[in-house]
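What follows is one structure encoded as structure tokens, with my remarks underneath.
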Amino acid sequence: MSILICGGAGYIGSHVVLELIKKNYDIVVIDNLSNGHKEFLQKDARFYEGDIRDEKLVEKIIHDEKIDSVVHFAAFSLVGESMINPAKYYDNNVLATFSLLNSLRKNNVKKIIFSSTAAVYGEPQSIPITEDNPVNPINPYGETKITIEKMLHWFDKAYGIKYVALRYFNVAGADESGQIGEAHNPETHLIPIILKAVRDNKTIKIFGNDYPTPDGTCIRDYIHVTDLAAAHILALEKLSDQSKIYNLGNNKGLSVMEIVKAAEIVTGKKINYEIAPRRVGDPAILIASSEKIKNELGWQPKFCTPEKIISSAWNWHKNH
Ligand code: UFG
């Protein structure tokens, strides 16, 4: 039996594919390459270029490749863009996932691991954020992800499709081999923006230094993409008759300024920055509690320090 990875040519998807292949799983990737990179595909994974909305194609893959489980990354994920163009997000995230789930339902595929996000919480009620914090997204991106989580809930109840929804906090870093890394177009994420600025001798903008935090800049919880990939494999291996939702972060908050300082240590270069106005939709502090996945699945992150996360990203960025 094989695992279908939807969006397996993207940043996180390609890291999960790599880890699954290391563990000798039989992997099939579908990606429409709207954000994915052909060069991130592994030769041991069979690749279909196409859209998960193409039910004929997805059903053919399920049959031909004997798919029994799915890991679903295919989505748009830019918070700012989702505020300006929510229709694009409902279409690509909610409607496309609806098609995918229909294909699974009709073809008796009963297991899915879904990429969700900390953006479902909006402004959290308490820190660190546990999974029972109320969900209250403050942008359409987070709204599409919670809509899909709810769809999964009802597809489980009615059709027995079991799922694990993984709510990622700030994913960063790259595989230690240096063959794949984080490359979005446009790039909006802090760590790759800093590293590109170092490489190209540019100045970064820090969005706001008047937040209620010790140094005034936003605090986030950064998690290494390889640790995140390991969580997906555990979720796949341990998913049984009960669907689950887990946060994924490091239980550790770092301010934008602290990330800048850590990047200076890693790269040995001074980082030029200017203070810019706050970015719309940015909560001041997001820190995960990941105790649930540690306790229930035995997840143990290995690359927890900002230096480890940033140096792995730098290893990729300096050559790309
Ligand atoms: N930041 C800057 N300058 C930049 C880019 C980012 O100061 O050029 C700041 C942001 O304002 C924020 C922090 O760096 O305070 C981290 O920003 P990112 O864009 O790297 O990440 P986000 O926290 O905005 O986004 C992440 C995920 C989203 C998810 C969101 C939940 O990437 O998918 O967390 O809030 F929706």
Worksheet, complete the sentence: Rounded to whole angstrom, the alpha-carbon centroid of the range 60-99 lies from that of the range 211-257 at a distance of 21
Fill in: Taking the range 46-166 and dividing mean pair separation by its residue count, relative contact order in percent (alpha carbons under 8 Å, at least six apart)
30
Worksheet, complete the sentence: Output ordering of 167-175, 279-287 (per-residue mean of other Cβ within 10 Å, highest first) is 167-175, 279-287
Practice prompt. Place a +1 charge on the Cβ of each Lys and Arg in the chain and a -1 charge on the Cβ of each Asp and Glu, then give the dipole magnitude about the Cα centre in debye, rounded to the nearest 20.
Written response: 160
Worksheet, complete the sentence: Applying the span-like rule to the chain (DSSP H, Cα extent along axis at least 18 Å, Kyte-Doolittle mean at least -0.5) gives 225-238
Worksheet item: If you rank SER177, SER99 by fewest surrounding Cβ atoms within 10 Å, what's the result?
Response: SER177, SER99
Worksheet item: Between ASN185 and THR130, how many nm apart are label points set 7 Å from Cα along the C-beta direction?
Response: 4.5
Fill in: 3J(HN,Hα) from dihedral phi, the range 205-217, Karplus parametrisation 6.51/-1.76/1.60, rounded to Hz, x for glycine, proline
9, 9, 7, x, 10, 10, 7, x, 10, x, 9, x, 9
Worksheet item: Check ILE67: other-chain or 5+ apart residues with amide H under 5 Å from its amide H, H built from backbone geometry?
Response: SER2
Worksheet item: So what J values fall out for the range 291-299 if you push phi through Karplus, 6.51 cos²θ - 1.76 cosθ + 1.60 with θ = phi - 60°, rounded to Hz, Gly and Pro as x?
Response: 4, 4, 6, 5, 6, 8, 10, x, 5
Worksheet item: Fewest to most neighbouring Cβ within 10 Å: what's the order for VAL225, VAL256?
Response: VAL256, VAL225
Worksheet item: When a footprinting reagent is the concern and you count Cβ atoms within 10 Å, what order do PHE40, PHE207 take, fewest first?
Response: PHE207, PHE40
Item to complete: May I ask which of LYS22/LYS43; LYS162/LYS244; LYS22/LYS318; LYS56/LYS238; LYS22/LYS238; LYS196/LYS261 have a Cα-Cα span longer than 20 Å here?
Response: LYS22/LYS318; LYS56/LYS238
Worksheet item: Within the range 47-69, what residues put their amide N at less than 18 Å from the label point 7 Å along the Cα-to-Cβ vector of ASN108?
Response: 59-69
Worksheet item: Taking amide H positions as placed 1.01 Å from N in the peptide plane, with prolines and chain starts having none, which residues 5 or more places from ILE5, or on another chain, fall under 5 Å of its amide H?
Response: VAL28, VAL29, ILE30, VAL71
Practice prompt. Among the aspartates and glutamates, select those whose C-alpha is under 13 Å from the C-alpha of LYS66, and discard any that sit fewer than 8 residues away in the same chain.
Written response: ASP26
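Laboratory data are not the source of any read-out in this text; all were calculated from the coordinates shown. Just so you know, these numbers come straight off a predicted model, no measurement behind them. Using ideal geometry, Cβ is built from the backbone for each residue, glycine included, and neighbour counts are taken over all protein chains shown.
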